[in-house]
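Structure first, commentary second.
The values are calculated or read from the model by the stated rules, or taken from the named source; none is laboratory data. In this text, all values refer to a predicted model and were calculated from it rather than measured experimentally. Here the Cβ positions follow ideal geometry from the backbone for every residue, glycine too, while neighbour counts run over all protein chains shown. For accessibility, only protein heavy atoms count, side chains too; no ligands or nucleic acids. Shrake-Rupley method; radii C 1.70, N 1.55, O 1.52, S 1.80 Å.
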Amino acid sequence: MNSKAFRPASLKAALEYLAKNECLIFSGGTDLMVQYARGTGLAPTFPRPPLFLAQIPELRQIEVSAKSIVIGAAVTLSELLSHPDIPLIFKDIISQMASLPSRNTATIGGNICNASPAGDTLPYLIANDASIRLQSLSNERVVLLSDFFTAAKETILKKDEVLTKITIPRTNFNHHYYQKIGQRKGMSLTKASMLGLALIENGKVKELRIAFGAVAPLIVRDLAIEKQYLGLRNDKLLDYEEEICRQYSPLIKPIDDARSTAAYRKAVSLRMLRDFIKQLSKAQE
Amino acid sequence: MLIDFELNGEEVQVEASGTERLLDILRERFGLTGVKEGCGEGECGACVVLMDEKLVNSCIVPLANVTGHAIITIEGLKKSGKHFESISQAFIEAGAVQCGFCTPGFVMATEALLNENPSPDREKIKEYFSGNLCRCTGYNMIIEAVERASKARLNE
């Protein structure tokens, strides 16, 4: 290890340092401090020297326009909860994450870059076509969040890049569905989750978004399936319940682990899907 | 790196690598042993302190992230002379302390909650305490303690 932990004051200083040093990008630390903990009285040992980013002003902003909400990567979950322009359904999702002390330091950028399929902000962001900005000293690129992940815990982030901003397009939905299945209400990691968003206008489905968390290496969303049901009368959706479940079923490929079993995760995911379809079919505008 | 922050109302400076757990620095360099280590994974809340008036788990906050912030531990709460007595009295009256290991965390969480919301209902209290575990009392007495502390503060 030839470089030290570094806490830059600006994004430019961070990118300059990252261009020359291999670092572990470090935000709130709620995942990393646990992952690399060594126990009482000992500082965690990290595989690479940390580059601390939680204090960088450019990463701490929330910008709201008519078209989108742009969130800095180091904005904490609690800051999202107290911001007036964050949609209520997103707040509902965030308020079920971890516990209050963790939400006070955990950041949205950390939840994304940790790249766990059980990251609870991910189904919402992906269902909303969120994009992210990846910056290095010499380059910057904007990619769809759904293209960022390549496998569980793996992303396309390069060694000299930092996730700086998350852009959520503002789409009008009038029906929201979210269920997180965990062992208990607070402080639990997700066994399975489902998010459903829809816009029903004049009795017809104008927008439909469905995303599943923690039941495959990546968040499950399928644009082609969603598209098939646009334009349909929402009270007719129940006729398609079996067909929709049949289409999503092969995409839901959960595993057995310490938190749950593949069989349970699959069953509960399809049950949430049926629940969403039923609610949507009965929905008034 | 040199790390400056405010600790219980006083400016302090620590020479450290920045990766240390705030918990260890508080207990071992400053002797603030009211901050307890339970799980060491940010789940139990025995180590919670206030950082800029917000509750954080000191076992998973690296010292670098404390730079320029204000930390208050249970010792600082007591020293400030503000709400420590009324919260402590409420915990005694409600029988909310048994082994006492989780108590400093619950007291700090009570302080943070009542600063934010002077008269929280039971649901709000439960939600706020989702990150604090107690293995002795069950939670009813602790919730009652918060209700008592809330009333005491409103009557101050």
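Brief remarks follow.
- Residue in segment B:79-96 that is under 24 Å from A:Gly39 (Cα atoms) and out of contact with any Leu (no Cβ under 6 Å at 6 or more places or on another chain) present: no
- Selection from segment B:60-83 of residues that are out of contact with any strand residue (DSSP E or B) (no Cβ under 8 Å at 6 or more places or on another chain) and farther than 13 Å from B:Asn8 by Cβ: B:His83
- Count of residues meeting criterion [surrounded by 16 or more Cβ atoms within 10 Å (Cβ to Cβ), in a loop (DSSP other than H, G, I, E, B) and of a type in the set (A, V, I, L, M, F, W, C)] in segment A:138-173: 3
- The single condition among (1) more than 12 Å from chain B (Cβ to nearest Cβ); (2) farther than 21 Å from A:Ala115 by Cβ that A:Ala43 does not meet is (1).
- In this structure, A:Gly41 does not qualify as in contact (Cβ under 8 Å) with a residue 12 or more places away in the chain, among the small types (Gly, Ala, Ser) and at positive phi.
- Segment A:190-202 - residue that is part of a loop (DSSP other than H, G, I, E, B) and touching a Lys or Arg at 6+ places or on another chain (Cβ under 6 Å) and, of those, most open to solvent (accessible area, probe 1.4 Å): A:Lys191
- Residue count for segment A:18-50, restricted to those that are surrounded by fewer than 16 Cβ atoms within 10 Å (Cβ to Cβ) and part of a loop (DSSP other than H, G, I, E, B): 9.
- Residue check for A:Gly29: touching a residue at least 40 places away in the same chain (Cβ under 8 Å) and closer than 18 Å to B:Ala16 by Cβ: yes
- Boolean, A:Asn21 is at pLDDT below 95 and more than 12 Å from every other protein chain (Cβ to nearest Cβ): no
- Within segment B:1-30, tally of residues that are buried (at least 16 other Cβ atoms within 10 Å of the Cβ) and in a helix (DSSP H, G or I): 6
- Residue count for segment A:1-17 satisfying the condition of being closer than 17 Å to A:Gly109 by Cα and not in a loop (DSSP other than H, G, I, E, B): 3.
- For segment A:212-228, the criterion of being among the small types (Gly, Ala, Ser), modelled with pLDDT of 95 or more and part of a strand (DSSP E or B) is met by at least one residue.
- Filtered residues of segment B:18-30 (kept if out of contact with any helix residue (DSSP H, G or I) (no Cβ under 8 Å at 6 or more places or on another chain) and at the interface with chain A (Cβ under 8 Å from one of its Cβ atoms)): B:Asp24, B:Glu28
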